[in-house]
């Protein structure tokens, strides 16, 4: 049988970009193309509505292979497998060992032991912690302890004691004095002593080629409010600081770079997060290469990632499992080396067995049922993702160079530049959440109306994580969650309602069916974000009927919901009849009627341009609810 190669859809004539653009402009009917269709990201990127094959022409790495410098396509060549990691808090050595052995039988192949920073561990303690765990099969990581150098030395002794192959020992000690300085404002000992210890740790781990001893905890930037470009650039700047300081001490770049691990956070911005992982690998390879590589493989970045905690919520916490799933998919497709899913309830309580199981299984399902571990760099060649990667590379590189020109990461901390950049981005993100330009499902939009919290929560749940030392010499970075302000307000309502009636928002709906339903839905979601009880009504035949019904109920709020036309004759009447017993709010902002209503004393209007958070906080104060 003759074998013929046919071009699919060959019966359709090719369409040029000019033809597409002509049709788009025609459909826009004079509307501004850039405002309607160009997405301006928080990072300052201008993302077009579509990309085509021709948009790959300027991508320099488009013909690169997986595993090749500059590693934009990842470190792997045969598959896309990553390690499923679970972190275990070590309150009891024996109990932590039992948990580790249990999860290793349930699909985990990387362990992170969160040690007690106040405790001194002996080699016997670490040996007991790792009892029956094959260090040449499961990746072993240590976090939290101040015994960084000692842990490296202990691992070297233990693997030799049990005769494990040294090149099969994968893991890390998360020694990151730069991030400690960023968060606490002080060094472990002193700036010089901390880098001396980094030098000693690299020397101590020379016999363990795959055991990494320097961590770059870039997740701190993301969880403090930084945007993706800043997370990339700041992480790279911190990494370059280690390279410079340690090569200045006489180490060769091939000794330093392979001993580093980047710990990043992955959020819910699906395609941007895929591009971020690819972009940061490429830039790191270029940075390391500038130090004089003699082996391209030493330019590889090793990435452990976890979900960003910034977008976790206390209310409607099951939504967190959806956020972590999309983030995990981004990380897997981007090609991380290991990943830890944050349990859905991490933000407000210590996760239990069920929460940990759900988190673990999210990764296992993506492997075993979605086969995300089978194809190397599945995003390669995607017009959209390749262009996002390119834009992130360009933007992050410019910021990295700006940091470098200021003297590097430490110098940029001392002069406040790092903190300023993160604070500005955090303020923008906070503003977007407050005004609902950005949605946190279940928090600032579409809240669960029936949900309330009756258990006492630690006030720290609603506060940034401030680890500033009393002797701090810089302004510190403080991770927080974007939902905190809304949640603090709603929790105050729940606490208030334990000893008082829950405030009632009563919707006075009348007139045009479509408009009253639309505005009633808007008002319901608006006020439910503060935890108020919302009473919707099917619609009153007249404004008088609605007024009489409201007088009988005497709710905290009466919200008028109708069309602008019907507000003309009825809004002022309703306000004058009800404002002495209730806070009267109008859903919408009809001009010029709104000015007339304000002159008559009506103050409250809610609409799509309203700052939801500030408005609800103001209502809390009027009701005497202390947030």
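A short reminder: the numbers here are calculations on the coordinates, not readings from a lab. Small disclaimer: the values here were computed from a predicted structure and weren't measured. Backbone-built Cβ (ideal geometry, glycine too); neighbour counts: all protein chains shown.
Could you work out how far helix 17-28 tilts from the main Cα principal axis of the chain, as a 0 to 90 degree angle to the nearest 10?
Approximately 20 degrees, to the nearest 10.
Calculate how steeply helix 270-289 sits against the longest principal axis of the alpha-carbon atoms of the chain, using the helix alpha-carbon long axis, and give the answer as 0 to 90 degrees to the nearest 10.
Computed tilt is about 30 degrees.
Between rounded, prolate and oblate, where does segment 501-623 land on the alpha carbon gyration tensor, with a ≥ b ≥ c its root eigenvalues, rounded for a/c under 1.5, else prolate if a/b exceeds b/c?
Values: a/c = 1.29, a/b = 1.15, b/c = 1.12.
In terms of gyration-tensor shape, rounded.
Calculate, in nm to one decimal, what residue 18 and residue 136 gain on full extension: separation in residues at 0.36 nm each, minus their alpha carbon distance.
36.7 nm
Across the chain, how large is the tail of the calculated P(r) beyond 33 Å, expressed as a percent of all Cα pairs? Could the numbers behind the result be given before it?
Numbers: 106225 of 196251 pairs.
Taking all Cα-Cα pairs of the chain, the fraction more than 33 Å apart is 54 percent.
Could you check the simple spin-label distance between residue 188 and residue 46, using points 7 Å along Cα→Cβ, in nm with one decimal?
4.7 nm
Taking Cα atoms, how many degrees apart are the long axis of helix 319-334 and the longest axis of the chain, rounded to 10 and kept between 0 and 90?
Taking the Cα atoms of the chain, the angle to 319-334 is about 40 degrees.
Mind giving me the FRET efficiency for residue 102 and residue 466? R0 is 35 Å, r the Cβ-Cβ distance, nearest 0.05 is fine.
0.50
Indicate, rounded to the nearest 5 percent, the antiparallel portion of the DSSP beta bridges found entirely in the chain.
Bridges in the chain are about 5 percent antiparallel.
If a/c stays under 1.5 just call it rounded; otherwise compare a/b with b/c (prolate if a/b is bigger, oblate if not). Do that for segment 429-533, with a ≥ b ≥ c from the square roots of the Cα gyration tensor eigenvalues.
Oblate shape, in that a/c is at least 1.5 and b/c is the bigger or equal ratio.
Mind checking the alpha-carbon convex hull of segment 98-162 and giving the volume per residue in Å³?
Values: hull volume 5.2 nm³, N = 65.
Measuring per residue, one finds 79 Å³ for the Cα hull of segment 98-162.
Please find the FRET efficiency linking residue 91 to residue 39, where r is the Cβ-Cβ separation and R0 is fixed at 51 Å, and quote it to the nearest 0.05.
Details: r = 46 Å, r/R0 = 0.90.
It comes to 0.65.
Under 14 Å from a point placed 7 Å out from the Cα of residue 53 along the Cα-to-Cβ direction: which residues of segment 370-409 have their backbone N that close?
381-383
Can you pull the one-decimal nm distance between simple spin-label points at residue 290 and residue 349, each 7 Å off the Cα toward Cβ?
So the two model labels end up 4.9 nm from each other.
Please express the Cα-Cα pair-distance distribution P(r) of segment 187-271 as a list of whole percents, one per 10 Å bin, running from 0 to the bin with the greatest distance.
That works out to 16, 44, 29, 10, 0, in percent per bin.
Taking the Cβ-Cβ separation of residue 549 and residue 364 as r and a Förster radius of 51 Å, what is the calculated FRET efficiency to the nearest 0.05?
0.40
By count of other Cβ within 10 Å, fewest leading, how are 304, 148 ordered?
So the ranking, lowest neighbour count to highest, is 148, 304.
Under a plain spin-label model, where a point goes 7 Å from the Cα along Cα-to-Cβ, how far apart in nm are residue 406 and residue 514?
Computed distance between label sites residue 406 and residue 514 equals 5.2 nm.
Report the relative contact order of segment 501-623, percent, no decimals, based on alpha-carbon pairs under 8 angstrom and at least 6 residues apart.
In percent, rounded to a whole number, it is 27.
Using Cα-Cα distances under 8 Å and only pairs 6 or more residues apart, what relative contact order does segment 18-98 have, in percent?
Relative contact order, segment 18-98: 10 percent.
Relative contact order, percent, of the chain when contacts are C-alpha pairs under 8 Å separated by at least 6 residues?
13 percent
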